[in-house]
Structure formats: C-alpha cells, structure tokens
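Written out below as structure tokens is the structure these notes cover.
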Amino acid sequence: MTTVKTSEENVIMMGGGKASPDVFPGAELTAAATYIFQEKIAEALQYGPRPGYDPLRQRLVDEWNRQDGLDLKAEDTRIVTGAKQGLDMVVRALCSPGGCVIVCEPTYGTGMEIFRANGAQLIGVPNDEYGVDPDGIERALRAVSPRPKFIFCMNDLNNPTGSICSEERREKLVGIAERYGVPIVQDMTYRWLQFEGRPARPLQQFDRRGNVITVGTFSKILGPGMRVGWVHARKDILDRMAPFKSDGGTSPINQMLVYELFKNDGSLELFLEVRRRTYRRKRDVMLEALAEEFKGTGAQWNKPKGGYYVWLYLPGVDTDGLVDGTHALKGTGQAGGPQVIVIPGSHFYAGEPQRGFIRLAYSFEAEQRIRTGIRAVASALLPALRRASK
Ligand SMILES: Cc1ncc(COP(=O)(O)O)c(C=O)c1O
C-alpha cells in the first residue's frame, strides 16, 4: 500500500490527550506575566524552593479542603513538573531497585511506561464500569510475594474508560490497602473535568493512616505546556521522593503564572466551568457522530461523564492491526481525505490486553473536525467490523 503524505491540516488528532487551544487563557496569562515581570522578576527568574512555590501549594490545599471537606496541609504538597514527574518520583521512591506494582487496568499507558522504565513489574487487575475491583486487588495482594510496592488507580474519570469509582469501592480499597500496608497512588488528573454529576468523595476521606498518595496536574484544565502538577502524600513518603526531584525545582515563573490565575477565591471554579462546558460540547459532538456513523454495526462505546476520551469497542477486531507505527488509522489519509490518529486499546493494559478497543480523544479538535474525523474512522473501521462479525 502506498503511504499518502498529508499536511498537518489534514491530520485529525484523536490520539494523545491534548488540551483544547480554544480555551487557552491568553489574555489572562499575558496580564499575569506582565505583573510578575514588573513586580516579582527576582523571584520568577531565580531557582525556586524545591517543594514548590508556597502560595501555590497553599492555594491548592485550600481548594481541596473547600471542595471536599478535607483537612490537608500545604507542607504535605509538592509541586512537580507535570504529573508525569510525580509518577516518576513515586515509583523511584517506592519501587527501587525493583518490585511489583498493581495497576487497575485499562489505565494510563504512559504511566505504565514510566513505572516499567524504573524497573517495576506490573500486575494488571481489571476495572469495570464502577471502577476498581477491591476484591481482585486483594487477591493480587495475597498472591504476590514479595508484596507489591503500591496500587495505581484513577478513580475519577479513568483514562481511557471514563469510569468513576463508586464510593463503596473507594472505601473498601482504602481499607484493604491499609490492612496490607501497601500505599495507593491515586491519579486525579481528570477529577476537575467532571461535567455531569457531583464528583465522588476522594480516597483521602476514607484514609486514616496517610496511605493515599495523590498525583494531579494543571495540564488538562490549563495547558500541558505549563508543566505544573503536584503530589500530595505523608511526610515520610515525600522525604523518600525528594532526592528524585532532579530538575532544580519546577519552573518558578510557571508556578507563579498558575498562582496568579487562581489566587482569588472562586477564580478556579469559574475557570473550570468554562472548560467543563467546552469539553462537554466536544464530547456531545463525538457521541452524536458515533451514533450516526456506527448505528446498527455492533460497535459499542461509553458515554463519559467528563474527561477527554471515548472508549470505542469493536467486537472481534484486532485493533493493533488497524494502525501504523505513528498510530494513524490505516485506510484514512487517502484520496485527499483526512488521516486520523487514534490509540489502540492494547496500549492501556499491563499484560494481555482485552482486544477490540480504541481510544478516541475529543479534547483537541474543533467540532467540525471531530465530525469529519469520526466519518473517516467509520469508513476505515467498518470493513474490519463486518469481517469480524461474519
Ligand atoms: C491519567 C494521566 N495522568 C497524568 C498525565 C500527564 O500529565 P502531565 O502533563 O501533568 O505530565 C496524563 C496526560 O495525559 C494522564 O492522562
């Protein structure tokens, strides 16, 4: 088959979790940058304190405490250079020079790459639509020796499935982890982007022993180029992580910009409302397009209550075989049509994947391009689906 060269215009990005440029706050950041460079340049361009910019750490815990009735402390929060750095530091601190990690799968593929790159062996325990499976996790904890070093999960809008873990399961998970003395690493990257229903109670509400480590980021609400995230954990765990923060501290200027955007009471909530509305609309456009193109074909998909992704299921289809090395969907990008980038489901499993899944991101593209993209996805996938159902 010949490969058709496509211009960027003609490539529709439904692969990685890129933020929507429509809601990048250009004017607000320009004003904040002007203020910082006029009034605080000495601090902004200097090395900053390793744990992070104090006003931002305090702002974060004030928000969590207000939103969720928690009693968290700024001193137990570290600013990191994106959640990825947080995950890297956690695995290095808890899993060096090796050991097992339980991952509730399907889960964040790059997170698993970070764990593996640091020598961790991964044990997958399946999630379902109600979130993590505490009984399955307990079975894994009992079966694996030496004991796993931590449990990795995403209880709010799991990437890729969008599942939200029930509060019953959250409570049970915390109890089990405490009994076995194994920390939980909870990735809260999408929690602030739930646009239907109230967010469930966070794990910390059930955690009496400080066994929960939380990792989060401003990437998905503000922009991943900012590279500002956080880790919240018990002091002795933070102390073990500290040597692995090897970047001289997260950029002070970026932390100060984030702080300036959200320093006033109510500013974060207002900001989130706009982002939730934007991503909800994009989700609706993708769901409508899927309903039009895949109706009656046997394909299935979820209706996420937030986040960035739809998890499409094509029964009997080996989705790994449907993409090339750049994750371009084969059969798209021909005869002048758009090429569509997607992620095959196997990327989200620690071991043997469940076959037939594809993750589609609605976060980045404009509404019309989401429609065009789904039409191209359907043309490329429907023949494989028909073959599989024969
Ligand atoms: C679940 C999850 N965690 C972490 C990240 C990475 O966040 P950051 O840009 O802050 O490194 C992502 C980005 O896609 C994600 O989906």
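Data for the structure
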item: Yes/no for Arg234 being in contact with an Asp or Glu (Cβ under 8 Å, 6 or more places away or on another chain) and closer than 23 Å to Val91 by Cα; result: yes
item: Scope segment 58-81; condition open to solvent by 10 Å² or more (accessible area, probe 1.4 Å) and within 16 Å of the ligand (Cβ to nearest atom); matching residues; result: Arg78, Thr81
item: Qualifying residue in segment 22-39 (condition: crowded, with 22+ Cβ neighbours inside 10 Å, within 16 Å of the ligand (Cβ to nearest atom) and not acidic (Asp, Glu)); result: no
item: Near pairs, Cβ below 6 angstrom, 6+ apart or cross-chain, from segment 79-91 (closer than 19 Å to Pro55 by Cα) to any residue that is more than 8 Å from the ligand (Cβ to nearest atom) and part of a helix (DSSP H, G or I); result: Ile79/Gln255
item: Residue check, Lys84 of a type in the set (D, E, K, R) and either in contact with a Cys (Cβ under 8 Å, 6 or more places away or on another chain) or buried (at least 20 other Cβ atoms within 10 Å of the Cβ) (or both); result: yes
item: So Asn254, is it more than 28 Å from Phe364 (Cβ to Cβ) and at pLDDT 95 or above; result: no
item: Scan of segment 126-140 for residues that are of a type in the set (A, V, I, L, M) and buried (at least 22 other Cβ atoms within 10 Å of the Cβ), ordered by number; result: Val132, Ile137
item: Residue that is farthest from the ligand (Cβ to nearest atom), among those in segment 97-112 that are open to solvent by 10 Å² or more (accessible area, probe 1.4 Å) and closer than 19 Å to Met241 by Cα; result: Pro97
item: Criterion violated by Arg276 - all others in (1) touching a strand residue (DSSP E or B) at 6+ places or on another chain (Cβ under 9 Å); (2) open to solvent by less than 10 Å² (accessible area, probe 1.4 Å) satisfied; result: (2)
item: In segment 343-372, residue farthest from the chain's Cα centre (by Cα) [restricted to those that are open to solvent by less than 20 Å² (accessible area, probe 1.4 Å) and closer than 16 Å to Tyr279 by Cβ]; result: Ile370
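The values are calculated or read from the model by the stated rules, or taken from the named source; none is laboratory data. These numbers come from a predicted model, not from an experiment. Backbone-built Cβ (ideal geometry, glycine too); neighbour counts: all protein chains shown. Just so you know, the surface numbers come from the protein's heavy atoms only, side chains and all, with ligands and any DNA or RNA stripped out. Shrake-Rupley method; radii C 1.70, N 1.55, O 1.52, S 1.80 Å.
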